[in-house]
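The values are calculated or read from the model by the stated rules, or taken from the named source; none is laboratory data. Small disclaimer: the values here were computed from a predicted structure and weren't measured. Neighbour counts run over all protein chains shown; Cβ positions are idealised from the backbone, glycine included.
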Amino acid sequence: MAQKASHVNLMSTILNSIPAEAQITRIEYEGPRIALYTKNPRFLHQNNYIISEIVNSVKKRVVTRTEKSIRKPEQDVRSILDKTLPVEAAATNYFFDDAIGEITVEANVPRLLASENGFDVAGLMEQTGWKVKVRKSPHVASSAIQNIYYALKTGADERERFYRDLGETIFRPRFTTAEQITVKCLGAGQEVGRSCFLVETSESKVILDAGIHPGSRNAWDAYPRLDWADVQLNELDAVIISHAHLDHMGFLPALFKFGYAGPVYCTEPTLPLMTLLQTDYIKIAQIEGGRILYDQKDIRNMIQHAVTLQYGTVTDVSPDIKLVFNNAGHILGSATVHLHIGEGVHNIVYTGDYKYGRTQLFDSASWNYPRVETLITEGTYGNKEDIMPPREEVEMNFVNAINKTLSEGGKVIIPIPAVGRAQEIILVLDHYMRNKVLTEAPVFLEGMISEATAIHVSYADYLSRELRNKMLEEGINPFVSEYFTSIEHPSGREEALREGPAVIMATSGMLEGGPVLQYFEHVAPSERNKILFVSYQVQGTLGRRVLDGAHQASMLGDNGKIKIVDVRCQVQKVDGFSGHSDYNQIIRFIGKMRPKLQQVIVTHGDKRKLENLAYVIQRIYRIPTLRPAVQEAIRLY
């Protein structure tokens, strides 16, 4: 009864704040939002101060939706859009989200469809009965984005029910006034891989990240230890994903396979990047006969339960936890996770992977939080020696390493994660080749890298300020170059492996499967070729063994048998392209926190590095610093 009364009071407060001209027909929960359905979208669009005042009054997220009865059929709306949208905007695709009455228009020049540039958005809503959202068209087709559209379209009715049920759960009255907060380390404790933490309060259970360990050889070390936490999946209020790398989200579809049916919170670009990498993970497992954790049905289920958020948006995820994502500077859409628990009781910031320093792709990680008591920080580069050289020096080391091999007629393989470092390296290669500093040679990109890059184009507003302006205001795509050839099919690899110098970028970044292994097999036996690492190599991976000087590598052949590959090629690592904070950046980031932190928890690093980092933080800042192992719990409050 209390829950029903609370719901009625909330809705009454909102209704009393809205003029009759708004023609509000109903008010519904839409997950963490409250949706106002209107027959007069133009009025609310032109008087958006009304919504702002409601938000300030009820302290909840409020969105407007068009009543279904005024939404015109999809085919009619497509015709209206074709006639109404300016040709110069170059619209390429329309996606109709029936669950929320919203059209996504993909356009090559999205700024021409903005209200501030004179486009009549309100008029288009009135004419069609649909809200309009605009995004930049990717330069090549993205199967991940299309898969998301398909999953959202086919699951529209289920999503409406899911949103309503989720809202009822989030906005229910609290069961207790007691306050207790615990963090359980289910992965990434004194290791790099399978990041996963369970935050438990008196009211809620929330998981931060759900990754896999890329270098493990057994299930106990490969996946988050949910068994130890003794948590039932139907007890979880939310899963929050910091970014789209497999060691942070590779286990997520498995949660749905085993019965989870709750929300997944992530930033807008994280969803297509997750979908891309998880789908590829399935393909590689099938080809190599490895453990297949989940299938496409589980990924589709994940998509239909995703709640995507922009940076800086305050969102309720349970009766006593609010979430805010902020830029982490690591990869596209990567976020630090700020949890505000209770009425000012405690604030946690979980950094995920972050870069406290500008790169060509991203602005530096955000640090100016209103309040933080507990910081959970990565410590990948936690040793005093883990200091990145100046960027100019890094790029010249990279260029020189490639030039030497190309001049000798060799090939350079760059094993690379498809998301993040690949796009950074693309920009560097194009820049130095155009300026005649890097020897001109064909650069081959495996297809998944090209698609991941297309997602970067589609979500250009998450890139650095400079790139955003270049892409959205000037219409320049810096990821397209005459030097690059995308390999979309395995048959195309023959061209890359022909005699002659070339640069080949292929996944995975740690030689743990994927197309890079076919190139590795051909290139490794020759002394004139080079394997050039530009990203972190986790202990236990083939990449780490090769980097440490292994003269032979065992690989699974096409016939399913193990074969031995001689490693006679040159092996080199160029430090400085990492999307992780180095030692100095971690220390500076912690020093920026105001007011002073109550405690720090260091994770996601080799044991020795975390020991050093914890000692230094405690000594410099006089802040209690913990470095939990997997299967260790910490009482915060």
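The helices (runs of 4 or more DSSP H) falling completely within region 413-519 that include 2 or more residues that are farther than 21 Å from L246 by Cα and charged (D, E, K, R) map to 421-434, 465-468, 493-496. R358 satisfies every condition listed in (1) within 19 Å of the chain's Cα centre (by Cα); (2) crowded, with 17+ Cβ neighbours inside 10 Å; (3) not in a strand (DSSP E or B) except (2). Limited to region 581-600, what total is found for residues that are in contact with a helix residue (DSSP H, G or I) (Cβ under 9 Å, 6 or more places away or on another chain) and either surrounded by 23 or more Cβ atoms within 10 Å (Cβ to Cβ) or modelled with pLDDT of 95 or more (or both)? Qualifying residue count, region 581-600: 8.
I414 meets all of the listed conditions (1) surrounded by fewer than 19 Cβ atoms within 10 Å (Cβ to Cβ); (2) over 20 Å from the mean Cα position of the chain (by Cα) but one, namely (1).
From the list L323, L309, L293, L339, which residue is surrounded by 24 or more Cβ atoms within 10 Å (Cβ to Cβ), assigned by TED's automatic domain parsing to the domain that holds F589 and not basic (K, R)? After ruling out the rest, the residue left standing is L339.
Quick check on this structure: which one of E385, E395 is surrounded by fewer than 24 Cβ atoms within 10 Å (Cβ to Cβ), outside any loop (DSSP other than H, G, I, E, B), charged (D, E, K, R) and out of contact with any Asp or Glu (no Cβ under 9 Å at 6 or more places or on another chain)? After ruling out the rest, the residue left standing is E395. In the set (1) of a type in the set (G, A, S); (2) farther than 23 Å from N435 by Cβ; (3) in contact with a helix residue (DSSP H, G or I) (Cβ under 6 Å, 6 or more places away or on another chain), S481 fails one condition alone, (2). Restricting attention to region 104-160, the residues being buried (at least 18 other Cβ atoms within 10 Å of the Cβ), within 23 Å of the chain's Cα centre (by Cα), of a type in the set (G, A, S) and farther than 16 Å from E473 by Cα number 4. When V565, V602, V574, V630 are checked against the criterion of being within 30 Å of the chain's Cα centre (by Cα), aliphatic (A, V, I, L, M) and under 26 Å from L532 (Cβ atoms), V574 stands alone in meeting it. Considering region 1-88, the qualifying strands (runs of 3 or more DSSP E), each wholly inside and each with 3 or more residues that are under 19 Å from D316 (Cα atoms) and not acidic (D, E), run over 33-38, 61-66.
Within region 355-382, the set of residues being aromatic (F, W, Y) and touching a Ser or Thr at 6+ places or on another chain (Cβ under 6 Å) comprises Y356, F362. Selection of region 167-192 for residues being among the β-branched types (V, I, T), in contact with a strand residue (DSSP E or B) (Cβ under 6 Å, 6 or more places away or on another chain) and under 22 Å from A629 (Cβ atoms) yields I181, T182, V183.
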